[in-house]
Amino acid sequence: VGLQLQFLNNRIGIDATGYHTKGTDLLVTAPIAGSAGYQYVNLNAASIRNNGLEITLSAKPIVNKAFTWDMFVNYSMNRSKVLALAPGINQVTVNGFTGTLIAHLPNEPAGIIYAYGWERDSQGRIVISDNADDFGYPVVSNIQKRVGNPNPVFLMGIGNTFSYKGFSLYTLVDWKHKGDLWNGTRGSLQAIGTSYYTLDRGKQQVFGGVLGHLNDAGEIVHNEGGAEKPGAGAVNTTAVPLDEAWYLGNGGGFGAQTETFIEDASFVKLREVTLSYDFPTGTFKNSRFVKGITVSGFARNIIIWTPYKGIDPETSLTGATNAQGIDYFNIPGTSSYGLNFKFKF
């Protein structure tokens, strides 16, 4: 459903679209038993729902003979949900790398980050091992789970054009709010000791959580009085060293867990700045061929503000596919600068 409105002789406008879609029998690549002689089979195995909203607001705040100001704001959001998979299929892996998967799971958003994370009790507290061999260190869950969602809460673009006596300045700012990214690059660098985040090596660390471990049945239990008791125990107060063994193990990217390296990939980026000049039409009144010239200088992907600890929160190891959320030594985006000359004949 859509709506388009213009006000005040087109000085203010709104263009909005809302949608609800449901795809059934979607084609996916699903795993099968190796005894069949193959690893995967293409099936009509998924049903996915998408609800979304797209809005564009436009305005001309200032209009006169010498100076004009045009602006627009684009907003978009999408909420997806995997409604069902084919019978006998619990997950569909879209893509992945070194144990970190982008997958479709029932009742989850499409394309979540699916991997091993820290074991947590019923209150969401991390379980800290009370076994003698790794006492004081977090316990890795033995079940893969959702550790991140690469889908943003919303995307927004803000553009402005300022014109004055033949000069025109255009700016575009992009904003992505939320959306997780697995920083496999940071994990790898921590494991080999070349990351800034390993400067604290040797530091004594008290990991927040409750004492316990997993028994043979995969249940959380804790040691008390020489016996195993159900559930987690007391709050951890034991400091342990962040040494080489920690970073080579679960404290680095080569360990069993991925959760530590899931990061917020939000960003605000100055996407483009363009300065143009239109030569006055009178300049070409005696020209038989050239009727106008516009000269412009541009810069793109100039400045970025982001909480992401990697190089580029827009990166994707698998390219422009529906498997977003993986960064592993990816090539970062580049800035570009140039001049344009436009001739009118």
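The values are calculated or read from the model by the stated rules, or taken from the named source; none is laboratory data. Owing to the predicted nature of the structure, the values given are computational and were not obtained by experimental measurement. All Cβ positions, glycine included, derive from the backbone under ideal geometry; neighbour counts span all protein chains shown. Note: areas computed on protein heavy atoms with side chains; ligands, DNA, RNA excluded. Shrake-Rupley method; radii C 1.70, N 1.55, O 1.52, S 1.80 Å.
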Evaluate the following for Pro109: is it modelled with pLDDT of 90 or more, farther than 11 Å from His213 by Cα and surrounded by fewer than 20 Cβ atoms within 10 Å (Cβ to Cβ)? yes
Any idea which of Leu199, Leu169, Leu211 is without any contact (Cβ under 8 Å) to a residue 24 or more places away in the chain and either of a type in the set (Lys, Arg) or more than 24 Å from Ile113 (Cα to Cα) (or both)? Leu199
Out of everything in the stretch 80-92 that is surrounded by fewer than 17 Cβ atoms within 10 Å (Cβ to Cβ) and in contact (Cβ under 8 Å) with a residue 40 or more places away in the chain, what residue ends up being farthest from Thr258 (Cα to Cα)? Ala86
Per the filter on the stretch 288-327, residues assigned to a loop (DSSP other than H, G, I, E, B), among the aromatic types (Phe, Trp, Tyr) and at pLDDT 95 or above are Tyr308
Could you please find all residues in the stretch 182-237 being of a type in the set (Asp, Glu), under 22 Å from Gln123 (Cα atoms) and within 33 Å of the chain's Cα centre (by Cα)? Glu219
Checklist (1) crowded, with 17+ Cβ neighbours inside 10 Å; (2) touching a Leu at 6+ places or on another chain (Cβ under 9 Å) applied to Thr100, failing item: (2)
Grab the strands (runs of 3 or more DSSP E) fully contained in the stretch 181-278, keeping just those with 1 or more residues being under 25 Å from Gly333 (Cα atoms) and open to solvent by 70 Å² or more (accessible area, probe 1.4 Å). 267-278
Kindly indicate whether any position in the stretch 47-67 is more than 27 Å from Val153 (Cα to Cα) and charged (D, E, K, R). yes
Please find, among Ile143, Ile128, Ile113, the residue that is hydrophobic (A, V, I, L, M, F, W, C), in a strand (DSSP E or B), touching a residue at least 24 places away in the same chain (Cβ under 8 Å) and closer than 30 Å to Ala33 by Cα. Ile113
Quick one: count up the residues across the stretch 1-48 that are of a type outside the set (A, V, I, L, M), free of Cβ contacts under 8 Å to residues at least 12 places away in the same chain and open to solvent by less than 70 Å² (accessible area, probe 1.4 Å). 2
For the stretch 150-165, what are the residues that are open to solvent by 30 Å² or more (accessible area, probe 1.4 Å) and out of contact with any His (no Cβ under 9 Å at 6 or more places or on another chain)? Asn151, Ile158, Thr161, Phe162, Ser163, Tyr164, Lys165
Qualifying positions in the stretch 78-137 - among the acidic types (Asp, Glu) and more than 24 Å from Leu242 (Cβ to Cβ): Glu108
Can you say whether Ile89 is of a type in the set (Val, Ile, Thr), more than 30 Å from Glu228 (Cα to Cα) and over 24 Å from the mean Cα position of the chain (by Cα), as far as the supplied structure shows? yes
State yes or no: is Asp133 farther than 29 Å from Ile311 by Cβ, out of contact with any helix residue (DSSP H, G or I) (no Cβ under 6 Å at 6 or more places or on another chain), open to solvent by 50 Å² or more (accessible area, probe 1.4 Å) and charged (D, E, K, R)? yes
Say we look at the stretch 294-310 and pick out the residues that are surrounded by 15 or more Cβ atoms within 10 Å (Cβ to Cβ) and more than 25 Å from the chain's Cα centre (by Cα); which of these is farthest from Thr274 (Cα to Cα)? Thr294
